[in-house]
Amino acid sequence: MTAERLAARGASGASSEVPLLVEREAPALLAYFARRVPNREDAADLLGELLVVVWRRRSAIPADPTAARMWMYGVARKTLQRHRRGSVRRAALADRLREELAGRPSSEPSDAVASRVRELILALPDTDKEIIGLSYWEGFSLVEIARILGMPPATVRSRHARAKARLRAELER
């Protein structure tokens, strides 16, 4: 459809004209985002976010093609601002976490021992591997693990004991 037909249909036909508007403007909007973010993947994600907003607010799209284009760039600008604020928050959170972890003494065993333990855990059957991981890495009780896995608690207890015994025997070799 032409820009004139888009203008002639007005707001009443806005939802049926969204695909035309998107087809016409999406490549330029992707380039707009790509010039403003360091990763091209982020630009594609931002375009996706923009298109969700465009679809949700389709009744607000101006009938005039030029005004509709400007409206979309306004939405793009706000989408980019939200993305930047989120990036700043994520970076600040990561910095705080790094500082906190740097100040804690490591409770991890030596790299060689940790590597060997992980190797042995990976050799366990899948269910036993999950039980050990949920118990020791995630801190769940055996009753909670039984609920998570949808298994009887007695089964989880016996599998846990068997897996621990197997790991202990392998580590003692």
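The values are calculated or read from the model by the stated rules, or taken from the named source; none is laboratory data. Fair warning: this is a prediction, and the values are worked out from it, not measured in the lab. Because the Cβ atoms are built from the backbone with ideal geometry, glycine has one as well, and the counts that use them run over all protein chains shown. These area figures cover heavy atoms from the full protein model, side chains too; ligands, DNA and RNA do not enter into them. Shrake-Rupley method; radii C 1.70, N 1.55, O 1.52, S 1.80 Å.
From the set of residues in segment 126-171 that are surrounded by 12 or more Cβ atoms within 10 Å (Cβ to Cβ) and not in a helix (DSSP H, G or I), which is farthest from the chain's Cα centre (by Cα)?
151
Determine whether residue 100 is at pLDDT below 90 and either among the charged types (D, E, K, R) or open to solvent by less than 40 Å² (accessible area, probe 1.4 Å) (or both). So that I can check it myself, show each step before the final result.
Values: at pLDDT below 90: yes; either among the charged types (D, E, K, R) or open to solvent by less than 40 Å² (accessible area, probe 1.4 Å) (or both): yes.
So residue 100 passes the test.
Within the bounds of segment 80-101, is there any residue that is touching a helix residue (DSSP H, G or I) at 6+ places or on another chain (Cβ under 7 Å) and farther than 30 Å from residue 21 by Cα?
Scanning segment 80-101 turns up no residue that is touching a helix residue (DSSP H, G or I) at 6+ places or on another chain (Cβ under 7 Å) and farther than 30 Å from residue 21 by Cα.
So, in segment 34-61, how many residues would count as being open to solvent by less than 40 Å² (accessible area, probe 1.4 Å) and either in a loop (DSSP other than H, G, I, E, B) or of a type in the set (Val, Ile, Thr) (or both)?
Qualifying residue count for the region: 4.
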